[in-house]
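In what follows, a structure is listed as structure tokens, so that the remarks can point back to it.
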Amino acid sequence: MEHILLALILLGSPSQSATTQATHLGTASKRVVVWDGETHDKGGSWVNPTTSTFLRTHSDAHSGNTSLELKFHDKQIWIGCGFDWFEWKTGRTLGTDTSKMTNLNFWIKSTGLTEDLQVQLLCNGDVVDTPEHHAPKMSIAKYCPVFRDGKWHEVVIPLRDMDYPKGYDPKVVTMIDFGFNAEGEANGSILLDDIGFDNRQVGNKSSK
């Protein structure tokens with residue numbers, strides 16, 4: 001298994017699974033919400049290294065009262081975390097169908113981060129976390145250059161930019177990973193909220 005440390009941490013009480021809903025994006029647009037801390041707050045997480053934590057927090061959120069927070073304090077090491085909104089359940093038919101969506105989107109607020117942060121989607125299968133289940137790692141700075149300024153920003157990444165490997169199934173996506181290489185000392189936090197997929201046309205990025 002690729003992840004160095006796999007911690008099964010249930011992030012909230014059972015709630016609705018990911019659903020498709022109309023949003024403020026427009027009457028013709030649809031959004032699949034996989035985690036928002038309120039209506040959709042079910043899932044498990046992992047984090048690396050053991051000096052870091054990745055937990056839900058009520059200290060700050062883009063919407064509602066809850067977000068996911070990666071806290072890190074280490075140096076010269078790869079720091080990463082991930083969230084599986086299907087709680088590590090396996091199967092070739094279990095997952096979120098993103099095949100008709102055009103974008104991955106989420107809100108992020110970062111403090112103390114100087115490096116770029118990468119994001120990666122994983123699909124489901126008979127075994128969790130096999131190489132063919134990893135979409136390519138995408139640079140968040142490429143799509144939101146100012147995301148490290150300590151404010152909330154929406155990141156919108158077109159799914160067409162992802163060169164899926166053979167074996168990746170966009171109809172059963174279950175996990176999202178984040179990570180960066182700390183070349184020097186890294187001490188800070190990354191807040192994540194309102195993770196989902198939509199079929200809008202990419203426009204200007206928003207900030208709060």
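Read-outs throughout are calculated quantities, based only on the coordinates presented, and are distinct from any laboratory measurement. On a predicted model such as this, the values are computed, not experimentally measured, just so you know. Positions of Cβ are backbone-derived with ideal geometry, glycine not excepted, and every protein chain shown enters the neighbour counts.
Here is how the numbers come out for the structure above:
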item: Prolate/oblate/rounded call for the range 84-156, Cα gyration tensor, a/c under 1.5 rounded; result: prolate
item: From phi via Karplus (6.51, -1.76, 1.60), per-residue ³J(HN,Hα) for the range 47-55 in Hz, x at Gly/Pro; result: 8, 8, x, 6, 6, 9, 10, 9, 9
item: Global form of the range 136-208, assessed from the alpha-carbon gyration tensor, a/c cut-off 1.5; result: oblate
item: Integer Hz, Karplus 6.51/-1.76/1.60 couplings in order for the range 116-126, x for Gly and Pro; result: 6, 10, 10, 10, 8, 9, 10, 9, 8, x, 5
item: Peptides 168-176, 37-45, 55-63, 184-192 ordered by average Cβ neighbours within 10 Å, highest first; result: 168-176, 37-45, 184-192, 55-63
item: Sum of side-chain charges, Thr102 neighbourhood, beta-carbon under 14 Å (Lys, Arg +1; Asp, Glu -1); result: +2
item: Fully extended contour minus Cα-Cα distance, from Asn187 to Ala141, at 0.36 nm per residue; result: 14.7 nm
item: Computed label-point distance, nm, for sites Lys75 and Thr130 using a 7 Å Cα→Cβ extension; result: 4.2 nm
item: Student exercise, the range 19-198 dipole from Lys, Arg, Asp, Glu Cβ charges, in Debye to nearest 20; result: 320 debye
item: Cα-based radius of gyration of the range 164-203 once divided by 2.2 N^0.38 Å, which approximates compact folds; result: 1.71
item: Efficiency of FRET from Cβ geometry, Thr90 and Lys166, R₀ 25 Å, rounded to 0.05; result: 0.80
item: Karplus (6.51, -1.76, 1.60) ³J(HN,Hα), θ = phi - 60°, over the range 152-162, in Hz, Gly and Pro reported as x; result: 6, 9, 8, 10, 10, 10, x, 5, 5, 7, 8
item: Exposure proxy ranking, count of Cβ atoms within 10 Å, fewest first, for Tyr143, Tyr164; result: Tyr164, Tyr143
item: Nonlocal amide H pairs with Val172, under 5 Å, H built at 1.01 Å; result: Thr98, Asn124
item: Ranked packing of 130-142, 74-86, most packed first, by mean Cβ within 10 Å; result: 74-86, 130-142
item: Of Gly95, Val172, Met162, farthest towards positive along the dipole that unit charges on Lys, Arg, Asp, Glu beta carbons give the range 59-177; result: Met162
